[in-house]
Amino acid sequence: MLRKCLTTLVATNRRQMQPLARLMHQQQGLVGRPPKILITGGLGQLGIECAKLLRSQYGSESVILSDIIKPSQAVLENGPYIFADILDFKGLQKIVVDHRVDWLIHFSALLSAVGEQNVPLAVRVNIEGVHNVIELAKQYKLRIFVPSTIGAFGPDSPRNPTPNVTIQRPRTIYGVSKVHAELIGEYYYHKFGLDFRCLRFPGVISSDPPGGGTTDYAVSIFHDALRHGKHTCYLKPDTRLPMMYIEDCLRALFEFMRAPSEQLKRRVYNVTAMSFTPEELVNELSKHVPHLHVVYQPDSRQLIADSWPQVFDDSDARRDWNWKHKYDLNNLVDFMVKDVQENYINVENGKATVSI
């Protein structure tokens, strides 16, 4: 779903960052052409909007979305889309060679709650898949981005705040696979000079339907509230977790990818914008949906959330490459209500909506 706020972000970045983009091309030996970028897992929560932002900077043909899912017509109309199975190394090699890929943004992964339901598949997708793209990036000298997560920490980690470097003993296969990705990426950087980059994202909030993450209550509550005026939350009301609006998330990724390598003091950074509880989110959302009724019925996802950071320390990112968030809880809720209402509720003919 193409959001108005992201359209604004794209327009602003196009004006402000094109000279920087040209400088980056020169520094990377890409004089005369923008980087060719491959996005894996491109039909997930971040892929389509990431492609839109990058295409605004480098041109539609420079950014290739890929996945194993049949794309919509809208996806096909917005730029190149190809089938790419991250478990097929030779197939990935062919894509990189045929399309002269320079950057690889690797979104393919099973999220926390889904991964716990199918651990063998999570091992294949989240670990074997990372092995393939890391080795591919080394072989073809690509700049590679692999997202990590608050789930890379566990109950032995300090939770408030959680620093950039601390003990990491996650208790989900999702978290284990992300720690593995961080470490193998750093190893390839030190051993082979691979330009590996990784951001640990908090819960990412967008109007797209939930994708199976533990923090996705903060997405589904907007859909439920605006459709029915009620929501059943699978976390306790006082469960505090770090969060980030999707526009901040994508801007962090873009700014991090274009940062000069010598400016980065490390290859893995925490980034965040805010921390809140379900109860705090409900209180803010109730300003828009006054009769909102929420019932709390914690399930197995509560155990996952209880092992994760409550507050993320991203001071290293703010110091090294000048990361700054834009959205706090108040304006996040404002944008989400408008976004879900306009892009989902208003187009569902014949379904009741809640007045706001």
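Filtered by the rule that a residue be of a type in the set (S, T, N, Q) and open to solvent by 50 Å² or more (accessible area, probe 1.4 Å), the range 52-102 gives S60, S72, Q73, N78. Applying the set (1) buried (at least 24 other Cβ atoms within 10 Å of the Cβ); (2) in a helix (DSSP H, G or I) to A109 leaves exactly one unmet item: (2). Close contacts from the range 175-186, counting a first residue that is assigned to a helix (DSSP H, G or I) and a second that is charged (D, E, K, R), with Cβ to Cβ under 6 Å and a gap of 6+ residues or different chains, come to E186/R267. In the range 129-158, what residues are in a strand (DSSP E or B) and under 15 Å from the mean Cα position of the chain (by Cα)? Listed by number, the residues that qualify are I144, F145, S148, T149.
Every condition in (1) in contact with a strand residue (DSSP E or B) (Cβ under 9 Å, 6 or more places away or on another chain); (2) part of a helix (DSSP H, G or I); (3) surrounded by fewer than 18 Cβ atoms within 10 Å (Cβ to Cβ) holds for E262 except the one numbered (1). Being assigned to a helix (DSSP H, G or I), hydrophobic (A, V, I, L, M, F, W, C) and within 20 Å of the chain's Cα centre (by Cα): is that true of A74 here? Answer is no for this residue.
When H288 is tested against (1) under 30 Å from Y188 (Cα atoms); (2) in a loop (DSSP other than H, G, I, E, B); (3) not small (G, A, S), exactly one condition is not met: (1). Applying the criterion of being open to solvent by less than 60 Å² (accessible area, probe 1.4 Å) and assigned to a loop (DSSP other than H, G, I, E, B) to the residues of the range 318-336, the residue that is nearest to V282 (Cα to Cα) is Y327.
Contact map, the range 55-73: first residue without any contact (Cβ under 8 Å) to a residue 24 or more places away in the chain, second residue outside any strand (DSSP E or B) and surrounded by 21 or more Cβ atoms within 10 Å (Cβ to Cβ), Cβ cut-off under 8 Å, separation 6 or more or different chains; pairs are I68/A84.
Matching residues to (1) in a loop (DSSP other than H, G, I, E, B); (2) of a type in the set (F, W, Y); (3) at pLDDT 95 or above:
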residue: G211; (1), (2), (3): yes, no, no
residue: Y217; (1), (2), (3): no, yes, yes
residue: I221; (1), (2), (3): no, no, yes
residue: D238; (1), (2), (3): yes, no, yes
residue: M243; (1), (2), (3): no, no, yes
residue: E247; (1), (2), (3): no, no, yes
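The values are calculated or read from the model by the stated rules, or taken from the named source; none is laboratory data. Everything quoted here is computed from the prediction, not taken from an experiment. So basically every Cβ, Gly included, is an ideal-geometry build from the backbone, and we count neighbours across all protein chains shown. These accessible areas exclude ligands, DNA and RNA; they are computed on the full protein's heavy atoms, side chains included. Shrake-Rupley method; radii C 1.70, N 1.55, O 1.52, S 1.80 Å.
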